[in-house]
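Down below is the structure, laid out as structure tokens.
The values are calculated or read from the model by the stated rules, or taken from the named source; none is laboratory data. No experiment lies behind these values; they were computed from the predicted model shown. No Cβ is skipped: glycine too gets one built from the backbone with ideal geometry, and neighbour counts run over all protein chains shown. Quick note on the areas: whole protein, heavy atoms, side chains included, nothing else; ligands and nucleic acids left out. Shrake-Rupley method; radii C 1.70, N 1.55, O 1.52, S 1.80 Å.
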Amino acid sequence: MLNPIDFIKKPKKPTFPKEIQTTDWETEFVTEIDTDTNRKLIQKEENEKKIVDETETESDKNDTNSEIILEEKDNQDQDEIIKRKDNQDKKKKHMFYEIAIVMKDPEIEDGKCGKKITPKEINKIQVEQAKILDKIRESGLEIEEQDVDKKPLHFYLVGVSLRMLEKWGEEMRTKVRLIQKDLKQIEHYSEFRIEDKSQYAVSQDFPDCVFPSAARQSLVTTIIQEKRGRGGCNINIPKSLHKNYMSGYFGLHNTKERTDLYASWTKRPSELFQFKQPENKIRDYFGEEISYYFAFLGFYSKWLIFPSVLGLVFTIAKYTNEKFKKSYGYVSLAYCLFNALWVTFFIEFWKRRIMTLAFRWDLLDLNTVDETPRPQFKGKTRKSPITGSIERYYPEWKRKIKYLFTYSIVLIMMAAAAACSIGINWKKLKGEKNLTMGYKIGTGVGTGASIFILDYFYRKIAFYLSSWENHKTEEAFQNAMIIKLFPFQFVNSFSSLFVIAFVSRLPDFLDTQLASLLLTRLAIGNFQELVVPFLKGKFRNCCSTFSRKSEKKMNPIVNQSNLPQYDNTIDDYSEMMLQLGYISLFSVSIPAVSFLAYLNNLIEIKVDSAKLRTMQRPLPRIRIGIGNWSYILNVISVLVVMINTALIAITYSDSLKDLSGFDTTNNRLWWLIGLEHAIFLIKYICHMIIPDTTTEVSDAIKQEQFKREKAALLYGKGIFEEDFNETESENEDFNETNDPEIKI
């Protein structure tokens with residue numbers, strides 16, 4: 001520390017040369033001068049000491065003050081650290097961990113098709129993995145790494161705060177449930193707005209959160225994939241999975257919400273015969289796509305009650321009453337008309353159900369077209385003529401040229417499936433009458449087994465062909481899969497029935513063939529959907545448990561990662577469409593197949609719901625209705641009329657000989673054409689009479705449209721929201737006090 005006395009100039013004492021000799025008076029004068037100077041010097045020294053003492057005391061004070069300040073700063077830093085820890089603990093309590101990301105340390109043996117990857121590629125994967133984690137943290141999401149001893153895998157949980165959910169929920173117009181004022185009132189959903197937060201129903205487990213589990217997972221996925229300019233991470237999840245930057249990306253099961261869902265879904269034995277599904281709870285947990293499937297399954301199963309009861313009565317009478325059997329041609333005529341009308345009414349009322357659920361979930365004005373490119377999509381970069389942004393482009397004419405090849409393969413495979421089915425049932429087709437019942441049932445079961453084997457191998461071919469067509473979006477790829485799969489499955493499943501009914505014309509063989517095919521399909525389908533995934537999950541858990549050195553309880557995140565993936569609803573819808581074909585196209589021969597389908601669907605609802613528990617939780621997808629399966633329903637409704645009338649005119653023509661004009665082939669042909677056109681006319685009239693929406697939904701849609709038009713008109717005139725609300729209240733007062741016929 002600098003001493004201020006060093007900067008004070010000390011006065012020099014007066015000195016005289018030795019050569020000078022002084023007198024007495026001079027000496028007295030000099031002594032007087034010396035004493036004066038000494039006094040002055042003494043005073044200066046004393047002043048200097050005072051200054052030094054004062055500066056030292058001030059420096060000591062400053063040192064003590066600085067020490068006190070430093071101590072206070074240290075205390076403040078400690079308080080801030082404690083506050084940060086408290087805030088982190090609070091954040092963890094209020095964090096919603098909805099997504100799990102699995103990353104694997106790259107190794108040389110990880111290359112595809114047996115190829116080894118280079119150290120440069122390993123370094124690239126490691127850099128990309130680090131970038132993914134950094135982008136997620138920078139966006140505001142939380143990442144928590146699980147302490148799992150399962151190298152080379154790393155498990156990360158992605159969490160989101162309530163404040164971030166509300167911000168993104170309002171921006172993405174997320175639909176949340178409104179408070180149900182009346183218990184009898186149907187629950188409705190609306191777009192989330194922070195200012196209207198008090199109007200939304202909150203979760204029982206999270207009192208401050210209005211977003212259900214599916215909405216939270218959808219928002220987290222949106223944040224991860226959204227561009228960084230909008231606050232997202234700009235991470236292409238499918239591409240990251242395809243490039244091995246991620247080994248897994250799936251939604252986490254929420255134990256409390258899942259328990260609440262399944263308590264009202266599958267655990268009650270009294271609900272075995274109750275087809276009404278908890279559609280809102282399924283939608284809140286799994287999303288709209290899966291909820292629509294179970295709504296369709298429950299609605300379709302409920303409508304099966306009518307044909308199953310009637311078909312069971314007809315079948316019992318057919319095999320127990322000889323008079324009824326002889327006049328079965330007339331019964332089949334009536335049952336044909338019933339089948340055509342039943343399918344028509346089922347489709348029309350299902351359309352109404354689709355619109356009711358879409359209105360309830362506030363999806364009517366939603367654009368569900370997903371334009372996100374698939375990671376497998378290949379094309380040249382160009383400037384988009386619509387948006388002006390850079391995009392990958394593949395010419396449509398090249399894809400159409402590929403269609404010529406791919407659908408030629410589909411036709412060849414359909415012919416091969418028909419040939420296989422005909423080969424198994426060759427003796428039946430030749431009309432040999434000495435065949436035993438065991439042979440008839442055995443060939444039917446063998447045909448059903450061959451159907452599943454061919455479906456399994458053809459699915460891989462259809463996947464390869466659809467991938468080779470190079471579709472841009474996942475929606476287009478799935479539509480291409482449906483177009484290739486269902487025609488093949490239709491021919492594979494029904495070719496033997498067509499040949500027996502219209503070539504061999506053997507009604508007795510048709511009965512056993514249809515029953516054995518349907519029962520085989522139901523048995524193998526349920527085993528494949530429930531037992532196989534359950535055994536696979538148990539096997540994987542056992543293998544991973546025995547491979548661990550310690551016998552500690554396995555992390556639940558690891559358990560969920562070991563479960564098989566639930567890709568989409570294509571297989572589920574395909575199963576129901578084929579079942580509808582069995583009970584409507586050829587059920588004239590044995591109407592009791594409708595009752596078998598009804599019993600199967602009692603179990604199918606429980607099997608499909610339990611299947612979701614034995615698989616990884618699928619990411620929620622927004623979809624209105626059942627997509628392209630609606631067109632397949634319409635095709636089946638047309639085939640029902642054509643095939644049933646053909647069965648009556650060709651297969652059961654012998655029992656209708658007493659009918660006037662039905663004795664010759666030409667007359668039967670005219671009967672066939674006339675009956676077919678009459679039923680088509682009835683179908684068209686029913687289609688025109690039955691509206692696609694209920695009166696309640698159509699009135700609500702018109703009311704909402706009227707309010708929007710009125711709000712836009714008032715906004716154009718400069719009237720703001722408060723004035724608009726005042727005019728609404730004035731209109732309500734006017735309606736209450738005046739004649740109801742002139743209400744606004």
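Quick rundown of the values:
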{"quantity": "Positions within the stretch 291-306 being open to solvent by less than 10 Å² (accessible area, probe 1.4 Å) and hydrophobic (A, V, I, L, M, F, W, C), in sequence order", "calculated": "PHE294, ALA295, PHE296, LEU297, LEU304"}
{"quantity": "Among residues of the stretch 198-217, those that are in a helix (DSSP H, G or I) and either under 19 Å from LEU261 (Cα atoms) or not small (Gly, Ala, Ser) (or both), counted", "calculated": "6"}
{"quantity": "Qualifying position, being crowded, with 19+ Cβ neighbours inside 10 Å, of a type in the set (Ser, Thr, Tyr), modelled with pLDDT under 90 and in a helix (DSSP H, G or I), among TYR285, TYR335", "calculated": "TYR335"}
{"quantity": "Flag for TRP342 being among the aromatic types (Phe, Trp, Tyr), surrounded by 18 or more Cβ atoms within 10 Å (Cβ to Cβ) and either at pLDDT below 80 or not in a helix (DSSP H, G or I) (or both)", "calculated": "no"}
{"quantity": "Number of the exception - LYS538 against (1) in contact with a strand residue (DSSP E or B) (Cβ under 9 Å, 6 or more places away or on another chain); (2) surrounded by fewer than 17 Cβ atoms within 10 Å (Cβ to Cβ); (3) among the basic types (Lys, Arg)", "calculated": "(1)"}
{"quantity": "All positions within the stretch 469-485 that are closer than 15 Å to ARG621 by Cα and either aromatic (Phe, Trp, Tyr) or not in a helix (DSSP H, G or I) (or both)", "calculated": "THR473"}
{"quantity": "Search result, residues across the stretch 374-397 that are in contact (Cβ under 8 Å) with a residue 12 or more places away in the chain and under 15 Å from SER466 (Cα atoms)", "calculated": "ARG374, PRO375, GLN376, PHE377, LYS378, TYR394"}
{"quantity": "Identity of the residue in the stretch 649-681, in contact with a Lys or Arg (Cβ under 9 Å, 6 or more places away or on another chain) and at pLDDT 70 or above, that ends up surrounded by the most Cβ atoms within 10 Å (Cβ to Cβ)", "calculated": "ALA649"}
{"quantity": "Any hit, the stretch 529-542, residues being in contact with a Phe, Trp or Tyr (Cβ under 8 Å, 6 or more places away or on another chain), of a type outside the set (Val, Ile, Thr) and part of a helix (DSSP H, G or I)", "calculated": "no"}
